1. Would you mind stating whether G109 is within 22 Å of L20 (Cα to Cα), of a type in the set (G, A, S), at pLDDT 90 or above and out of contact with any His (no Cβ under 8 Å at 6 or more places or on another chain)?
2. Of all residues in region 96-135, which are among the aromatic types (F, W, Y), within 26 Å of R57 (Cβ to Cβ) and open to solvent by 90 Å² or more (accessible area, probe 1.4 Å)?
3. Are there any pairs with C-beta distances below 9 angstrom linking a residue in region 7-31 that is modelled with pLDDT under 90 to a residue that is outside any helix (DSSP H, G or I) and open to solvent by less than 80 Å² (accessible area, probe 1.4 Å), with the two at least 6 apart or on different chains, and if so which?
4. Please find, within region 54-80, the residue that is nearest to the chain's Cα centre (by Cα) out of those that are of a type in the set (S, T, N, Q) and farther than 13 Å from G109 by Cβ.
5. For a quick check of your reading of the model, give me the residue pairs whose first member lies in region 82-100 and is touching a residue at least 24 places away in the same chain (Cβ under 8 Å) and closer than 22 Å to Y4 by Cβ, whose second is among the hydroxyl-bearing types (S, T, Y) and surrounded by fewer than 15 Cβ atoms within 10 Å (Cβ to Cβ), with beta-carbon atoms closer than 8 Å and at least 6 apart or on different chains.
Amino acid sequence: MGIYTCTMAIFVPALLNIILNTLIFTYVQSSTRRIQPQSNRASTSGPNNRQPRMSRRDMSLLKQMLVMFSMFIGGWTPILIVYTMNIAIDVDIKIIKITVLFSELCIFGIVMNLYIYNHELRHYLLNKIRLLFQR
């Protein structure tokens, strides 16, 4: 039962996350290639015929996806491993509390990261807070 729990809680969401992030990244990268100026494309044609470099926007999106994925996996894997171990052997309650705290910190980091990078949500919430204090 513990192996099933780890599989359904770690590997399946990780696989879905990888698939969705790959689809998002390929869509964004194709969009970037579509809107690049013609001068950049002209420099790649010729005797060198090198592939165009990845734009800063695409690179930052890829870094963001990797950070979010690593925070998700790094946050949930320890608690689920401890849960699986707790079925077979008696794990100290301090270890369980530390892994739960680590998972909560990772979730808090993910929420803060999403809040920082979502400009519309950030501006909406800041405007609501300002309106709240103006009353």
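The values are calculated or read from the model by the stated rules, or taken from the named source; none is laboratory data. Computed from a predicted model, the values in this text were never measured in an experiment. A quick note on method: Cβ atoms are made from the backbone with ideal geometry, for glycine too, and the neighbour counts reach across all protein chains shown. Heavy atoms of the whole protein, side chains included, go into the accessibility calculation; ligands, DNA and RNA do not. Shrake-Rupley method; radii C 1.70, N 1.55, O 1.52, S 1.80 Å.
1. Working: within 22 Å of L20 (Cα to Cα): yes; of a type in the set (G, A, S): yes; at pLDDT 90 or above: yes; out of contact with any His (no Cβ under 8 Å at 6 or more places or on another chain): yes.
In short, yes.
2. Here is the first cut: in region 96-135, the ones among the aromatic types (F, W, Y) are 102, 108, 115, 117, 124, 133.
Applying the additional criterion that residues be within 26 Å of R57 (Cβ to Cβ) yields 115, 117, 124.
If the condition is that a residue be among the aromatic types (F, W, Y), within 26 Å of R57 (Cβ to Cβ) and open to solvent by 90 Å² or more (accessible area, probe 1.4 Å), then Y117, Y124 are the ones that fit.
3. Listed by first residue and then by second, the contacts come to Q29/M54; Q29/S55.
4. Result: S60.
5. Once the first residue is touching a residue at least 24 places away in the same chain (Cβ under 8 Å) and closer than 22 Å to Y4 by Cβ and sits in region 82-100, its partners that are among the hydroxyl-bearing types (S, T, Y) and surrounded by fewer than 15 Cβ atoms within 10 Å (Cβ to Cβ) give Y83/T5; T84/T5.
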